[in-house]
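Beneath this line is the structure, given in structure tokens, with notes to follow.
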Amino acid sequence: QVQLVESGGGVVQPGRSLRLSCAASGFTFSSYGLHWVRQGPGKGLEWVAIISNDGSNKFYGDAVKGRFTISRDNSKNTLYLQMNSLRAEDTAVYYCAKDKDSMRNPDYWGQGTLVTVSS
Amino acid sequence: DIQMTQSPSTLSASVGDRVTITCRASQSISSWLAWYQQKPGKAPNLLIYKASSLESGVPSRFSGSGSGTEFTLTISSLQPDDFATYYCQQYNSGWTFGQGTKVEIK
């Protein structure tokens, strides 16, 4: 079955960087786009970024554009999110999610990794 | 950017009730809308995609309808497992979630 396991979260100071990873299994990784979605403490879901199956297309939410970079390694079945210039408002649980079809909506989600930006 | 507005924000209901949640888009999104259920501390679970298509494995008491700017998620007979928060998401132009609707026990 589809499994997505995020890692790399933790506590980081404002202005610093962090890289999240998402290890995938149970589906043909190179055939699907992938999303990052985050959820601040006590808040709703916020879409962060998407990458196409081959990595050639990437789109970002306004809140992270220019600071975050999504990437993937199809040889390792792994998705990444490089987060630079972190701010307190980036504090959230970060979920990776498999796209259902043709960069539309997520279907399967990981359990999330918590990023806390604090001095 | 397309804004998604859900109503109500909170809904109190009893087991067996018919429940309807509305999601409005700030401009037409055709049928490019999904619905998710999320329980505390858990990842979201896809219920409906393309406005009215039921995701595999999701109980048939869940249904979606609408197109353009107005959409609804209906639970025909609320079950104890359905108390959760529900989110709509548009994927016509970018990707945007609604603010969520919490369904709580009356």
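All of the numbers you see were taken from the coordinates with simple rules; none came from a lab. Predicted model, so just to flag it, every value in this text is computed and none were measured. Using ideal geometry, Cβ is built from the backbone for each residue, glycine included, and neighbour counts are taken over all protein chains shown.
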Self-check item: For the protein assembly as shown, the fraction of alpha-carbon pairs in successive 10 Å shells from zero, as %
Solution: 8, 34, 35, 19, 4, 0
Exercise. Report, ordered by chain and residue number, the aspartates and glutamates lying within cross-link reach of residue B:50, taken as a straight Cα distance under 20 Å and ignoring same-chain residues fewer than 8 apart.
Key: A:46, A:99, A:101, A:107, B:1, B:70
Self-check item: Proxy reagent accessibility, fewest Cβ within 10 Å first, across B:96, A:116, A:78
Solution: A:116, A:78, B:96
Quiz item: By average Cβ neighbour count within 10 Å, what is the ranking of B:1-12, A:87-98 from highest down?
Solution: A:87-98, B:1-12
Quiz item: Given the pairs A:43/B:42; A:98/B:42; B:42/B:102; A:43/A:98; A:43/A:100; A:43/B:39, which span a C-alpha to C-alpha distance of over 20 angstrom in this model?
Solution: A:43/A:98; A:43/A:100
Exercise. Report the FRET efficiency, 1/(1 + (r/R0)^6), for residue B:12 and residue B:81, where r is their Cβ-Cβ distance and R0 is 25 Å, rounded to 0.05.
Key: 0.90
Quiz item: Using a simple spin-label model with points 7 Å from Cα along the Cα→Cβ vector, what separation in nm is obtained for residue A:65 and residue B:60?
Solution: 4.5
Quiz item: Taking each residue of A:45-54 in turn, how many C-beta atoms of other protein chains fall within 10 Å of its C-beta, and what is the average?
Solution: 3
Quiz item: Anyone know which of A:44, A:66, A:15 comes out most mobile in the 10 Å Cα GNM of chain A?
Solution: A:44
Quiz item: What are the semi-axes of the equivalent ellipsoid for segment A:28-119, taken as the square roots of 5 times the Cα gyration tensor eigenvalues, largest first, in whole Å?
Solution: 22, 14, 12
Self-check item: Euclidean distance of C-alpha centroids, segment B:76-97 and segment A:12-87, integer Å
Solution: 22
